[in-house]
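Trainee: Okay, handing you the structure first.
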Amino acid sequence: MTLAPERPTSLNSRLRVDSDAPRPQRPELKKSGRPNPASHLTPEQIEEIGRELDALRAEVMDSRGARDAAYIRKVITTQRYLEMGSRAALLFSGVKVRGIRPMWWIGTAGLSVAKILENMEIGHNVMHGQWDWMRDPKIHSTAWEWDNASPASQWKHAHNEIHHTFTNVLGRDNDLGYGILRVDEDQRWSLFYLFQPIWHVGNALIFEYSIAAYDLELGSYVAKKNRMSPEQKAEFKKNADEVLAKIKRQATKDYVVHPAMAAATFTGSGRHTLTANIVANLVRNLWTNTVIICGHFPPGIETFEKTSIEGETRGEWYLRQMLGSGNIAGSKAMHVMTGNLSHQIEHHLFPDMPSNRYAEIAPRIRDLMERYDLKYVTGSLPKQAASVYWKVVALSLPPKREGTTRRATVWKAARKALRGKGGGGRRY
């Protein structure tokens, strides 16, 4: 197999260390009237931050070697043995011992952990190119296909190319609420968001399918279908067929093949293996969703206007990653289970750095941010998750405005929607 060359060692080569023209001082307030957390930094300080981070990146990337390769191979081997052992246990999940089915519980727990490891610490990070330098055709971003409804090629485009380039830029980063959630005060409110606490939970339960639809840009297709060219429609159909084929393969494996194998053992385990696979996928979806929202939506994480990235230098891009991400505090085991996305700030700064290195550089990133009076957002998993759920509820309501109440704004939008005047889509 011919592998693509390793990615260039300079992150975001489209961005320059310095600008051709002097960069303006950042205003004290954003257009929305909210404080600008970087207004105290001069353009020279921002570019000095960029140079310091470039040096840190070079230091780590130049030191990659045997211990890093051993780490990812160990994680992959552990995940595969855990999945095989769990599926073997589920062959006997129908057997009762003192009124319980111990193999169901053991197999379901093990399979849940195996699916989380495959998606988070392995699949997500391999597809970022973190291990391409090893030149191993089995652990390479161009070859990996993960245990998820979204095809790797579509996920890499939506996540690596768009989200990591335009992190938290309103109108450019579709990951900011995934198009269905209002998670920042600078996002305009519409009647659509009133029910977001309900579908936020539903989205978490079916997260892999929501991501597949999101990577496919299904919502954009529905909205623009009548204005699309035949070529664009054909491209969408091709991608949609790829998604459906991937979902069919995943569903056949989890909901047909393995239950059938368990049924063939004559232990009455077919139905129980089916339920175990359903539960494992639900657990994986809920965990993945929780980790991701904790890294992107807690209070203290900033958003940015489109105009703020015009002519953006690499130092300014680095600054946006630090201000637009948040971490989760916890044990080493928890970091592995999150795919080290508990170090979301470090990951957004260096998305193709081996994930086992994020914990090493985290103290240096925190020190840098504190030296420049930038908030390093972090907290425990329960704290971060609770703050996001509270934000989802609070921002489902329209912002307070002088001369009117939130209730009046909601009723006005609802009446216009019922009369067919487009009030449901109006933004406030």
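Trainee: If you go through region 215-251 one residue at a time, how many are hydroxyl-bearing (Ser, Thr, Tyr) and either touching a Gly at 6+ places or on another chain (Cβ under 6 Å) or at pLDDT below 90 (or both)?
Mentor: Qualifying residue count for the region: 2.
Trainee: Scan region 180-193 and report the pairs whose first residue is more than 17 Å from Ala223 (Cα to Cα) and whose second residue is part of a loop (DSSP other than H, G, I, E, B) and among the β-branched types (Val, Ile, Thr), with Cβ atoms within less than 6 Å and a gap of 6+ or a chain change.
Mentor: Asp184/Thr303; Asp186/Thr303
Trainee: Which residues, taken from region 281-330, are of a type in the set (D, E, K, R) and part of a loop (DSSP other than H, G, I, E, B)?
Mentor: Within region 281-330, Glu302, Glu305, Glu310, Glu312 qualify.
Trainee: Give Gly177, Gly202, Gly268, Gly171 a once-over and let me know the one that is out of contact with any Gly (no Cβ under 7 Å at 6 or more places or on another chain) and surrounded by 13 or more Cβ atoms within 10 Å (Cβ to Cβ).
Mentor: Result: Gly177 is the single residue among Gly177, Gly202, Gly268, Gly171 that is out of contact with any Gly (no Cβ under 7 Å at 6 or more places or on another chain) and surrounded by 13 or more Cβ atoms within 10 Å (Cβ to Cβ).
Trainee: Condition test on Ser387, is it of a type in the set (S, T, N, Q), surrounded by 14 or more Cβ atoms within 10 Å (Cβ to Cβ), out of contact with any Phe, Trp or Tyr (no Cβ under 6 Å at 6 or more places or on another chain) and in contact (Cβ under 8 Å) with a residue 60 or more places away in the chain?
Mentor: Yes: the conditions hold for Ser387.
Trainee: OK, next. Which condition does Glu44 not pass, out of (1) surrounded by 16 or more Cβ atoms within 10 Å (Cβ to Cβ); (2) of a type outside the set (Gly, Ala, Ser); (3) modelled with pLDDT under 95; (4) assigned to a helix (DSSP H, G or I), if it passes all the others?
Mentor: Single failed check for Glu44: (1).
Trainee: Mind telling me which of the residues Ala333, Ala262 ends up being in a helix (DSSP H, G or I), touching a Ser or Thr at 6+ places or on another chain (Cβ under 8 Å) and of a type in the set (A, V, I, L, M)?
Mentor: Ala262
Trainee: Could you pull out the residue among Asp136, Asp186 that is in the same structural domain as Arg320 (by TED's automatic domain parsing), of a type in the set (Asp, Glu) and more than 30 Å from Tyr71 (Cβ to Cβ)?
Mentor: Testing whether each residue is in the same structural domain as Arg320 (by TED's automatic domain parsing), of a type in the set (Asp, Glu) and more than 30 Å from Tyr71 (Cβ to Cβ) leaves just Asp186.
Trainee: For residues that are surrounded by 15 or more Cβ atoms within 10 Å (Cβ to Cβ) and either touching a residue at least 60 places away in the same chain (Cβ under 8 Å) or among the small types (Gly, Ala, Ser) (or both), tally how many sit in region 54-84.
Mentor: 13
Trainee: Take Gly339 and tell me if it is farther than 23 Å from Met134 by Cα and assigned by TED's automatic domain parsing to the domain that holds Ser63.
Mentor: no
Trainee: Something else about it: Got a number for residues in region 90-133 being in a helix (DSSP H, G or I), more than 25 Å from the chain's Cα centre (by Cα) and surrounded by fewer than 22 Cβ atoms within 10 Å (Cβ to Cβ)?
Mentor: 3
Trainee: With respect to the numbered conditions (1) under 33 Å from the mean Cα position of the chain (by Cα); (2) more than 17 Å from Asn289 (Cβ to Cβ); (3) surrounded by 14 or more Cβ atoms within 10 Å (Cβ to Cβ), which one is the sole condition not fulfilled by Lys400?
Mentor: Status for Lys400: all satisfied but (3).
Trainee: Give the number of residues within region 172-212 that are among the small types (Gly, Ala, Ser), at pLDDT 90 or above and under 14 Å from the mean Cα position of the chain (by Cα).
Mentor: So the answer is 3.
The values are calculated or read from the model by the stated rules, or taken from the named source; none is laboratory data. Since the model is a prediction, treat every value here as computed from it, not as a measurement. Please note: Cβ atoms are built from the backbone with ideal geometry, for glycine as well, and neighbour counts cover all protein chains shown.
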